[in-house]
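Derivation of every value follows stated rules applied to the coordinates shown; laboratory data play no part. For clarity, every value in this text was computed on a predicted model and none was experimentally measured. Please note: Cβ atoms are built from the backbone with ideal geometry, for glycine as well, and neighbour counts cover all protein chains shown.
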């Protein structure tokens with residue numbers, strides 16, 4: 001006997017344990033499942049604990065028991081549970097109070113279970129989400145980072161630690177509001193949301209009034225900003241501090257504290273006495289120029305992606321590519337850009353809103369509600385498939401958040417989604433009733449990935465018998481494929497799922513995505529790891 005989780009068989013096996021009727025075969029199958037499936041173990045412990053709490057609380061319904069003891073069977077503790085359910089009392093309860101008492105008992109039971117769920121099911125769920133980040137990386141221009149240096153994606157939160165920029169420009173915004181533009185080569189240590197250290201390099205700082213008191217340490221200077229803009233240039237034992245607006249308090253290593261006002265600069269050279277000179281804006285990259293260069297770099301990257309996309313459209317294995325640039329404002333359709341395959345027509349947009357994509361010049365579709373989806377139909381069968389998407393996740397509101405899913409459960413169809421714990425999932429439906437394979441990655445997406453552009457891909461290779469999940473060009477999990485091709489899609493949806501939870505007119509299962517998509521591609525072959533990496537490199541917003 002073999003059990004799967006989740007499944008009705010698992011539910012029945014746990015119920016037999018609760019009631020003391022489990023057979024030896026059921027216990028062996030359950031033990032085998034629990035040893036290898038942490039989620040099943042968590043659910044098993046939850047149900048056993050819930051059963052024990054309800055069964056071991058004889059005064060859970062004191063009023064009902066006191067008024068009508070024959071209305072409920074005796075409450076037994078778990079260790080006293082018989083092999084079968086005890087018979088009901090032979091004397092029927094009087095009709096005039098049976099209904100109200102049972103209704104009261106039901107309400108109390110629901111309240112007790114609800115309270116227990118909130119406080120006892122998962123202690124970790126009661127803890128608020130936390131983050132150690134103190135700043136974020138907001139812009140880069142031609143940035144090259146030293147190997148092993150911190151998070152490098154624009155939009156990523158930055159925790160305390162080192163940023164080592166070899167060349168180019170990067171903008172860091174602290175949570176206090178302080179904005180630093182660093183110019184490579186620069187080593188910047190993030191200490192807190194109101195403090196940093198720069199032993200070597202060049203930077204320009206803007207400290208608004210709410211961030212007053214921001215501290216910056218060089219090798220031989222300690223600076224406290226009092227709401228201003230300034231620049232520093234430091235290397236070895238030499239340091240220059242140029243104040244452009246406001247006031248900065250400076251404490252050289254061997255001198256008393258002094259204040260620098262707008263238009264003043266302080267130069268410390270080795271063990272020599274600090275020298276007061278006039279500040280020079282020309283010595284630093286102005287923030288306004290950085291923004292202009294950043295916008296120009298974004299436009300250049302957008303053009304590079306357009307050229308790469310034109311080459312990709314000519315791939316004979318490309319079945320679908322939606323770039324969300326061809327959104328027709330009248331009928332809300334998306335043209336399939338695959339030049340060598342015309343079997344898949346235009347996609348239809350239902351709901352959704354236009355939004356900004358990876359670059360300011362690029363369009364995206366925002367998925368915000370249960371109405372929002374993109375409908376398309378993919379005919380035919382394939383021995384292998386590759387799915388690729390650029391998306392910005394705004395939240396993982398559902399237990400399952402749809403990426404691309406076939407409408408139903410026909411043999412060979414696929415469901416590609418994100419779980420709310422950051423797991424990527426691909427389900428392949430097999431032949432016969434109830435047969436399917438779920439290939440789930442470890443938790444690979446975190447709160448830090450929200451509101452940043454991500455490239456997700458999954459490769460399903462029927463010839464080699466494996467499936468691989470990718471995030472930003474890197475493989476994150478590999479799975480042995482236990483179901484044979486061919487694979488098929490038929491009617492399908494992006495960002496939602498149009499499948500019912502049972503026979504009509506049962507409610508529709510909710511799998512809607514909360515986020516934005518600005519590119520989707522589907523190939524009728526298994527792309528190599530190098531090709532997936534190339535899709536990411538060609539499409540990432542910054543170099």
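Please give the length that would be gained between residue 144 and residue 437 if that part of the chain were fully extended, namely 0.36 nm times their separation in residues minus their C-alpha to C-alpha distance (nm, one decimal).
Separation in residues times 0.36 nm, less the Cα-Cα distance, equals 101.3 nm.
If I take R0 = 22 Å and measure r between the Cβ atoms of residue 348 and residue 370 in this structure, what FRET efficiency does the formula 1/(1 + (r/R0)^6) give, to the nearest 0.05?
0.85
Can you bin segment 135-285 into rounded, prolate or oblate? Criterion: square roots of the alpha carbon gyration tensor eigenvalues sorted a ≥ b ≥ c, rounded for a/c under 1.5, prolate for a/b above b/c, oblate for the rest.
prolate
Evaluate the relative contact order of segment 236-383 (contact order divided by residue number), counting alpha-carbon pairs under 8 angstrom at least 6 apart; express in whole percent.
Relative contact order here is 14 percent.
Does segment 295-539 come out rounded, prolate or oblate by the C-alpha gyration tensor, with a ≥ b ≥ c the root eigenvalues, rounded set by a/c under 1.5 and, if not, prolate when a/b is larger than b/c and oblate if not?
Since a/c stays below 1.5, the shape of segment 295-539 is classed as rounded.
Over segment 148-230, calculate the relative contact order: mean separation of alpha carbon pairs under 8 Å at least 6 apart, over the residue count, as a percent.
Once divided by the residue count of segment 148-230, the mean separation gives 22 percent.
Distance in nm between label sites at residue 295 and residue 37, each 7 Å beyond Cα in the beta-carbon direction?
With each label point 7 Å from Cα toward Cβ, the separation is 5.5 nm.
Say each of residue 464 and residue 363 gets a label point 7 Å from the Cα, pointing the same way as Cα to Cβ; how far apart are those two points in nm?
It is 3.7 nm.
Could you please state, rounded to a whole Å, how far the C-alpha centre of segment 214-267 is from the C-alpha centre of segment 372-417?
Answer, in whole Å: 55.
Using label points projected 7 Å from each Cα along Cα→Cβ, tell me how many nm separate residue 167 and residue 447, to one decimal.
Between residue 167 and residue 447, the simple spin-label model gives 3.8 nm.
Just want to confirm a number: the relative contact order over segment 295-539, from Cα pairs under 8 angstrom separated by 6+ residues, in percent.
After rounding, I find 26 percent.
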